[in-house]
1. Between G166, G262, G187, find the one with the highest GNM mean-square fluctuation for the chain; connect C-alpha pairs within less than 10 Å.
2. Accessible area per residue of the chain at 1.4 Å probe, in Å²?
3. Translational diffusion coefficient, Stokes-Einstein: compute it for the range 122-279 using the Kirkwood radius over C-alpha pairs as Rh, at 4 °C and 1.567 mPa s, and state it as an integer in µm² s⁻¹.
4. Can you give the relative contact order of the range 15-82 as a percent, counting alpha carbon pairs under 8 Å and 6+ residues apart?
5. Where the accessible area of the chain is counted over protein heavy atoms with a 1.4 Å probe, how much of it, in %, is carbon and sulfur?
6. Please compute the contact order of the chain in relative form: average sequence separation of alpha-carbon pairs under 8 Å and at least six residues apart, divided by the residue count, as a percent.
7. For the range 99-164 and the range 1-76, write down the distance between their C-alpha centroids in whole Å.
8. For K90, which lysines qualify as cross-link partners when the Cα separation must be under 24 Å and same-chain residues fewer than eight apart are set aside?
Amino acid sequence: RDRIYLAHAAISDIQGGRHLQAEKMARPVLDLAGTRTNAAEVVIRLQGWQVVISPRGHRLLADNDEFRLDLELQAVKPPALHGEQGYSRKGRSSERASCYYSFTRLEAAGTIAIDGTRREVTGTAWMDHEFSSAPLEPGITGWDWFSLQLSDQTELMLYLLRDQDGGVNPASSGSYVLPTGQVAHLGQADVRVAPLSYWTSPHTGARYPIAWRVTIKSLGLNLAVTANLADQEMRTPNSTQVTYWEGSVNVRGAKGEQSIEGVGYVELTGYAQPFDAPM
């Protein structure tokens, strides 16, 4: 009963030019939230929202007054362990770390309804699971996180921890996932990410990068990553009270001499205010 269940959901309606978002938070009392586990599946409930995890895949259910989503997800690659076999450093000392893995490519199918208009959808998805008992290292104000699915069936995860002086913390790193599912670790020195343009939120005044040049010389990757919508700012006044940018991006570029493209998701924290909540 001392647990708190928390969830955020968002849809970037590119065609309609809108970013729809919702949040829920509750304790597991009066059937408001809870977890049920058996040999077949794990079911996590929160005020009508639901995640079902089983060997067959994942199912996501969420809605509010503007949208509803009902998606089935099936992994096409094994889980990718980030860092050192899932031990992911987030600072200079050993305790500043997380347990971190991802399903970097899932087949997604189901329905999404926006303003009552229901659509059958298919696509790809990414599932992250990261947990830690330690807060961020003092002096880290936020992070830029990239999850990119490329057209050659590889995936790229990067996180850049930003220090107070604007520099990138040495604990920043990433993973490159091959078509076979094999994971190659990337250190800070392997990656160059340069912002190309910015957007200032009319809601909060925060200024976010919304386009980047991502270069990984060892892989021959030279990518332009661009937000599909400028306004994908997440504001959570009824739960964490953290404001951040999180949304859909597209990718164009080259791998060696070959053109490459892709889709992805970027999360930017600490731009509205320093991010000092526990991970």
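1. Highest fluctuation of the listed residues: G166.
2. Details: 14310 Å² over 279 residues.
Computed with neighbouring chains in place, this is 51 Å² per residue.
3. Values: Rh = 16.4 Å.
Answer from the Stokes-Einstein relation: 79 µm²/s.
4. Numbers: 89 pairs, mean separation 12.5, N = 68.
With pairs under 8 Å counted, the relative contact order is 18 percent.
5. 51 percent
6. Values: 685 pairs, mean separation 38.1, N = 279.
Answer for the chain is 14 percent.
7. 15 Å
8. K217
The values are calculated or read from the model by the stated rules, or taken from the named source; none is laboratory data. Just so it is clear, the structure is predicted and the values come from calculations on it, not from any experiment. Positions of Cβ are generated from backbone atoms using ideal geometry, with glycine treated the same way; all protein chains shown enter the neighbour counts. Note: areas computed on protein heavy atoms with side chains; ligands, DNA, RNA excluded. Shrake-Rupley method; radii C 1.70, N 1.55, O 1.52, S 1.80 Å.
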